[in-house]
1. If amide hydrogens are placed 1.01 Å from N in the peptide plane, which non-local residues have theirs closer than 5 Å to the one on ALA56?
2. Tell me the Kirkwood radius of the range 168-307: reciprocal of the mean inverse pair distance over distinct alpha-carbon atoms, in Å.
3. Write down Rg/Rh for the range 9-72, rounded to two decimals, with Rg from the C-alpha atoms and Rh from the Kirkwood relation over Cα pairs.
4. Please state the Cα pair-distance histogram of the range 288-412 with 5 angstrom bins from zero: what percent is in each bin?
5. With a point put 7 Å past each Cα toward its Cβ, work out how far ALA165 is from GLU143 in nm, to one decimal.
6. Determine the distance separating the Cα centre of the range 75-124 from the Cα centre of the range 351-369; give it in Å without decimals.
7. Quick check of the Kirkwood formula: for the chain, what is the inverse mean of 1/r over all pairs of different Cα atoms, in Å?
8. Based on DSSP, what percent of beta bridges with both residues in the chain are antiparallel, to the nearest 5?
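All of the numbers you see were taken from the coordinates with simple rules; none came from a lab. Quantities reported herein were computed from a predicted structural model and do not represent experimental measurements. So basically every Cβ, Gly included, is an ideal-geometry build from the backbone, and we count neighbours across all protein chains shown.
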Amino acid sequence: MATDRPLPQVRLKPGREKPVRQFHPWIFSGAIAHIAGEAVDGEPVDVVDAQGNWLARGYLNRASQIQVRLLTWDPGETIDDRFWQRRLAEAVRQRQHPTIQGQTDAYRLVNGESDGLPGLIVDRYGPFLVLQAGTLAIDRRKEALAQMLLTLTGCQGVLERSEMAARRQEGLPDATGLLAGTAPTGPVEVHEGPLRFLVDLLGGQKTGFYTDQRENRRRVALYCQGARVLNAFSYTGAFAVHALAAGATHVVNIDSSVAALELGEANLRLNGFDPDAQAESIAGDVFQILRDWRDQPGRPAFDVVILDPPKFVQSRRNLERGLRGYKDINMLGMQMVRPGGILVTFSCSGLVSLDLFQKVLFGASLDVGREVQILEWLHQAPDHPVALHFPEGEYLQGFLCRVGQATMAASG
Ligand code: SAH
């Protein structure tokens, strides 16, 4: 689609070029003075400063608050099929690494902005890929990108699970289905080390599996030998399988999704565990169940409690409410840990920094009167890189803590 005609030009307001010069890939509508030329949403534009100096090239969508997503800072680089192929090949090449190859066949192949491909997420599950198109420009090219991905990876099929909130902000409806090649006939089996997991690519959450937690599951397993484990917000029980494989005596999975729990039981069986004798699945609201347990005489006490809730802070507007949620769930979690036991707690809200999350945890510990020590800091796995010029790419924060006796006087 390359042409020699000059691209439409997005001119920035005076003083708004600094983030662009620092390679931040987003240009918000408020930074734009005007757009010259026959601009088409979803197609390439050049970006110039207020004086008309060329800065970068990206793609446009005037329906989005983020009107331009930048793709290149090299004036000689054209946005054509070869451009997309180069970027995809680079992302694929970066995953040819011992942290992934030989460890797992379920991993993030393309991580959007941090891989120089704004709006594009691709996860690999064995011989299948799942693509999420977060922007109009990616949506317009998704079939072509899917074909390129098949060629690059030798996979059998590319499915689409474009159902994110980000799409609505781009004015796009949800889209699900087959983009290229063939679709799997049922759940796909993937591996983390010697462990096996079934992933429902079309019916599961997000693209099917939480690969961002892979390294954390291995870390947490080291604390699970001989342990009774509570795996709250379990999804399909990946933490539970790792815990049992590491010698846990019993695991309780709690999730609001019955389908996820059922697949969780299948995952236990697949790895040779007995879902009745070695585990329990409880469908329901974690907050409610833990409150009920807290208030009953003979409150249960676990050696290890894992809390991996969904994103509580969706936007700055609900920051306070989301933080309240994190505090509440962590107070309950701490109360379920036997003295000296382990709490593993996560936030996947990008707006909650590690520092802020630690403060919330401190507040929770004061209110329940338990002394808490951080043993490990946990983050997203290396197939979910964060570009330094795109700090928004960091979202997963976790603490692995020891929860002491109830010796301090509770303040709340
Ligand atoms: N730890 C999981 C991923 C958890 S994702 C893994 O490693 O695979 C968050 C999960 O929380 C989802 O499965 C979702 O169904 C569940 N969930 C969301 N709100 C909930 C609630 N209030 N009570 C119970 N489960 C909830």
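1. VAL47
2. Taking the inverse mean of 1/r over all distinct Cα pairs, the range 168-307 comes out at 16.1 Å.
3. Using only Cα positions, Rg/Rh for the range 9-72 is 0.90.
4. Cα pair-distance distribution for the range 288-412, in percent: 2, 11, 20, 23, 18, 13, 7, 4, 1, 0, 0.
5. 3.2 nm
6. 35 Å
7. This gives a value of 22.9 Å.
8. 65 percent
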